[in-house]
1. Of all residues in region 214-240, count the ones that are of a type in the set (Gly, Ala, Ser) and either under 11 Å from the mean Cα position of the chain (by Cα) or within 14 Å of the ligand (Cβ to nearest atom) (or both).
2. Name the residues in region 602-645 that are more than 16 Å from the ligand (Cβ to nearest atom) and charged (D, E, K, R), would you?
3. Report, ordered by the first and then the second residue, all pairs with beta carbons closer than 9 Å, sequence separation of six or more or different chains, a first member in region 17-44 that is in contact (Cβ under 8 Å) with a residue 24 or more places away in the chain, and a second member that is in a helix (DSSP H, G or I) and open to solvent by 40 Å² or more (accessible area, probe 1.4 Å).
4. Which condition number in (1) in contact with a Ser or Thr (Cβ under 6 Å, 6 or more places away or on another chain); (2) open to solvent by less than 10 Å² (accessible area, probe 1.4 Å); (3) away from the ligand (no atom under 15 Å from the Cβ) is the one that Cys66 fails?
5. I need the full set of residues from region 73-98 which are assigned to a strand (DSSP E or B), within 14 Å of the ligand (Cβ to nearest atom) and either of a type in the set (S, T, N, Q) or over 16 Å from Ser37 (Cα atoms) (or both), in order please.
6. Taking only pairs six or more apart or across chains, which ones have beta-carbon atoms under 7 Å, a first residue in region 621-640 that is more than 13 Å from Val609 (Cβ to Cβ), and a second residue that is in a helix (DSSP H, G or I) and open to solvent by 40 Å² or more (accessible area, probe 1.4 Å)?
7. Out of (1) at pLDDT 95 or above; (2) out of contact with any Leu (no Cβ under 6 Å at 6 or more places or on another chain); (3) within 12 Å of the ligand (Cβ to nearest atom), the odd one out for Gly43 is which?
8. Mind checking which residues of region 535-571 are among the charged types (D, E, K, R) and part of a loop (DSSP other than H, G, I, E, B)?
Amino acid sequence: MERLASHPVLPIRDRKKISFTFEGRVMEALEGEVISSALFANGVKIFSEHKKDGSPQGIFCANGQCAQCTVIAGGLPVKACVAKVAEGMAVKPLKGAPELPAAPCVGEFGRPEELEVDALIIGGGPSGLAAAAELGKLNVATLVVDDKDRLGGKLVLQTHKFFGSVEDCYAGERGIDIAEKLQEQLREYPSVRIWTDSVCLAVFSDKKAGIMRGDRYCLVRPKVIVSATGAREKSLVFPGNTLPGVYGAGAFQTLVNRDLVRPAKKLFVVGGGNVGLIAAYHALQAGIQVTGLIEALPACGGYKVHADKIKRLGVPIYTRHTIVKAAGKRELETVTIAGVDEKFKPVPGTEKTFAADTLLVAVGLSSVDEFHKQALEAGMDALVCGDAEEIAEASAAMFSGRIAAHKVLKKLGIVSVEAPRFWFERLEILKSRPGKTHGPAAGSPENPVYPVLHCRQEIPCNPCVTVCPKRSIKLEGESIMSPPKFSGECVGCFKCLLICPGLAVTLVDRRKDKERPFVSVPFEIGRGLIKKGDTAVLTDPGGAALGTAEVADVKDFKAENTLIIVLKVGAEIADRVASIRLFEPEKAGASDALAAPDDSAIVCRCERVTAGEIRRAIRAGVRDMNQLKAVTRAGMGACGAKTCETIIMSIFRGEGVAPGEVTGFSKRPLFVETPLGAFSGVRCRTAQEEKTSWSGF
Ligand code: FES
């Protein structure tokens, strides 16, 4: 079984075991888990075969967006990443097109339940929950719907500590804990109702939202509708991009951090934004080897402290590199990368090939804004917040939710004043991209004990300032973006080490020995890996080796799930030591030559339409995506073009066609597949009712 037995941050709880079958093989699952995680836990990555060419299919998004994970369960095609496994369930691969189920025998028709609320919030992530709390404070009748079984959105996947400020957005706390706090806060507000496991299907022209709550369909008529629907991961076009083992970083975090499955042994990451860097770190926390991370730009776009954290742990970051091929017979086996020129074209002769069973695609997110657009078209009072409005950190999403809630209050006539000005200012700061990096951190050798603040990049973060009991850590400038500096007294309390989300604060203690001081470093990877008396490889903040040192002590701060490793080092390097290295970087294996241009790469996953087919259609004059759909079937499949539309648009641009010349896909009215009978409140007879004298119709 491929389940996590331990994790440095996440508790491993006992859960009831159930059994199901896949292709007739009996397997074990945990009650309440989704089929895809149960299959991964049993070592199964290939779920189905594509109807077009028999190619193996696995997961991509693990979030119900792409439909690549479709299997047959209980006789019906379902998305394995959304449908929950049940005791005795027979799961089969989908081979070819699914068979239409026998027409259900209608027991009775009904009318969908209707509900009126002041505010409907679609999405229970950080922005939706923050908005709901603001509305709850003023007793506004609010309904929050979320398609998952617990609230928090992507926060429930985040085991690292968050940036921002303590007073505004829980900085220094882990995403999983912030999700709990936001949810807990809502319990104080009885006017806020929560529907989990509830999928918004559409916002209709009669100003009602259709919600599938479990297997019951309801209509909600809100005075104001707020889309807090988050974002979906972008796909990437390269040969081998749909091999099982190649999937989104969010899908990986879902498997590991939500469902506690270990889906990989050797992992490679594409994308040096915060999502890719954090996913690599989460893999290391789960004991998975990360072979490397590539970024096409000259530097990673994510926070430097995130990049430094994984470099210190031995993960090489290849900037100015691209992925040229993922290869394997039925599942991913190797990843080939190459350097790029100034036009981002691969440079022959620079190829490197690595063994990997998992490749994470972390090349950005697209807003899920379909409901907001539908609501605007229907003429509703509609607002949007969080990633659905603009992709940013969760800390920014919380402010964005608050601001949206204030606008709701104004629309409802409950307040007349504008939202506090500082909310908008904080939002702008929290959305900021990282600024410039200042020179290396300075020590304070005039003090017997002092922190060294290795965080030198301008990012919105200040928990070390807030937590210092002596108020000796301040920001270098007025803005929260300024790096911190130390001056004054230090009592060696470790608080700044334990709260820093970047693990970028160390403590130098010369009180016992001036020549060989103790240096304490925060560490979050597996308890038991480092012990007192071990010899550790020291690294500077960026991961360069600084020699070795004896581990003098390991302190376990269980409440923070953080270790403090105390090292005895030479005075000359004490201020530069930032951490210890656990793994040596892996060398590339024999390299394949550059793959052919990406014409063979899949763009539309549902219909397996290649980049070459799309390019040929564009060169033949197609400028309307609906015509493209008719010519190639791109966008025709189950996901409704959620995954391929942005890629197709970039292919248009690559072919020299301006976006203004392209007509987009006609949107389907419904967000996800739904049984037709749901809309008329149909209740089907059960097999038992069929056999008995139940009269029905
Ligand atoms: S992997 Fe299940 S819908 Fe995308």
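The values are calculated or read from the model by the stated rules, or taken from the named source; none is laboratory data. Treat the numbers as computed from the prediction; the structure is a model and nothing was measured. We place every Cβ from the backbone using ideal geometry, glycine too, and count neighbours over all the protein chains shown. Side chains are part of the model used for accessible areas, which takes the heavy atoms of the whole protein and leaves out ligands, DNA and RNA. Shrake-Rupley method; radii C 1.70, N 1.55, O 1.52, S 1.80 Å.
1. 3
2. Result: Glu613, Arg615, Arg616, Arg619, Arg623, Asp624, Lys629, Arg633.
3. Pairs found: Ser37/Arg258.
4. Condition (3) is where Cys66 drops out.
5. Answer for region 73-98, where residues must be assigned to a strand (DSSP E or B), within 14 Å of the ligand (Cβ to nearest atom) and either of a type in the set (S, T, N, Q) or over 16 Å from Ser37 (Cα atoms) (or both): just Pro77.
6. Close Cβ pairs (under 7 Å, with a partner that is in a helix (DSSP H, G or I) and open to solvent by 40 Å² or more (accessible area, probe 1.4 Å)) amount to Arg623/Glu661.
7. (3) is the only condition that Gly43 fails.
8. Correct list: Asp540 only.
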